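Heads up, the thing below is written out as structure tokens.
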């Protein structure tokens, strides 16, 4: 029997969403820790990748928490969302009825999303020759991740189940 063949209880669904969120927080914490140590190019790329990975997991956990049945099959589907941070963020905006991203945040996230989904932050290529990772801005994205994490933490705690 496969895991996706099992009937998952409400508590189980909440735990899966919460574990996804916790992993996202872990990636975010690692990115924040690296911030003060990013004195060379490889570490800057690692930090950017961790920022994107954290955002992906935190946003996907929000969707799972909102409608587990709908998103548990869609999130792993590469054609539906994949690692496209813009698509995932827009879906969260739509599902939660929150204000759309401002132009600065959207531009910053767009650049990160492109680099992340095309794996330029993990693997070497021509990008490394032409783009200095210090030139990739995250000044709007990092505070947004922190705000979303705070909101989601409050939401998970509101559901009254133990971490």
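The values are calculated or read from the model by the stated rules, or taken from the named source; none is laboratory data. Given the structure is predicted, the values throughout are model-derived calculations rather than measurements. Cβ atoms come from the backbone with ideal geometry, glycine included; neighbour counts cover every protein chain shown.
Residues are listed down the side, and each one gets a yes or a no for (1) over 18 Å from residue 54 (Cα atoms); (2) touching a helix residue (DSSP H, G or I) at 6+ places or on another chain (Cβ under 8 Å); (3) surrounded by 13 or more Cβ atoms within 10 Å (Cβ to Cβ); (4) at pLDDT below 95:
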site	(1), (2), (3), (4)
68	yes, yes, yes, yes
76	no, no, no, yes
79	yes, no, no, yes
83	no, yes, yes, yes
88	no, yes, yes, yes
100	yes, yes, no, yes
122	no, yes, yes, yes
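Filtering segment 19-32 to residues that are under 26 Å from residue 132 (Cα atoms) and surrounded by 18 or more Cβ atoms within 10 Å (Cβ to Cβ) leaves 24, 27, 28, 31.
From the list 63, 55, 50, pick out the single residue that is at pLDDT 90 or above and over 22 Å from residue 155 (Cβ atoms).
Selected residue: 50, the only one of 63, 55, 50 that is at pLDDT 90 or above and over 22 Å from residue 155 (Cβ atoms).
Taking the condition modelled with pLDDT of 90 or more, more than 18 Å from residue 27 (Cβ to Cβ), out of contact with any helix residue (DSSP H, G or I) (no Cβ under 7 Å at 6 or more places or on another chain) and not in a loop (DSSP other than H, G, I, E, B), does residue 104 pass? The answer is yes for residue 104. Look at (1) without any contact (Cβ under 8 Å) to a residue 24 or more places away in the chain; (2) more than 29 Å from residue 9 (Cβ to Cβ) and you find that residue 48 fails only one, number (1).
Give the residue that is surrounded by the most Cβ atoms within 10 Å (Cβ to Cβ), with candidates limited to residues of segment 5-18 that are in a helix (DSSP H, G or I) and either touching a helix residue (DSSP H, G or I) at 6+ places or on another chain (Cβ under 8 Å) or at pLDDT 95 or above (or both).
Among them, the one singled out is 17.
Taken over segment 108-134, residues that are under 21 Å from the mean Cα position of the chain (by Cα) and not in a helix (DSSP H, G or I) amount to 6.
Within segment 73-86, is even one residue over 30 Å from residue 12 (Cα atoms) and part of a helix (DSSP H, G or I)?
no
When segment 135-150 is filtered for residues that are within 14 Å of the chain's Cα centre (by Cα), assigned to a helix (DSSP H, G or I) and more than 11 Å from residue 25 (Cα to Cα), the ones remaining, listed by number, are 141, 142, 143, 144, 147. Any residue that is at negative phi, part of a helix (DSSP H, G or I), surrounded by 16 or more Cβ atoms within 10 Å (Cβ to Cβ) and under 17 Å from the mean Cα position of the chain (by Cα) - is there at least one of those in segment 33-44? No, segment 33-44 contains no residue that is at negative phi, part of a helix (DSSP H, G or I), surrounded by 16 or more Cβ atoms within 10 Å (Cβ to Cβ) and under 17 Å from the mean Cα position of the chain (by Cα).
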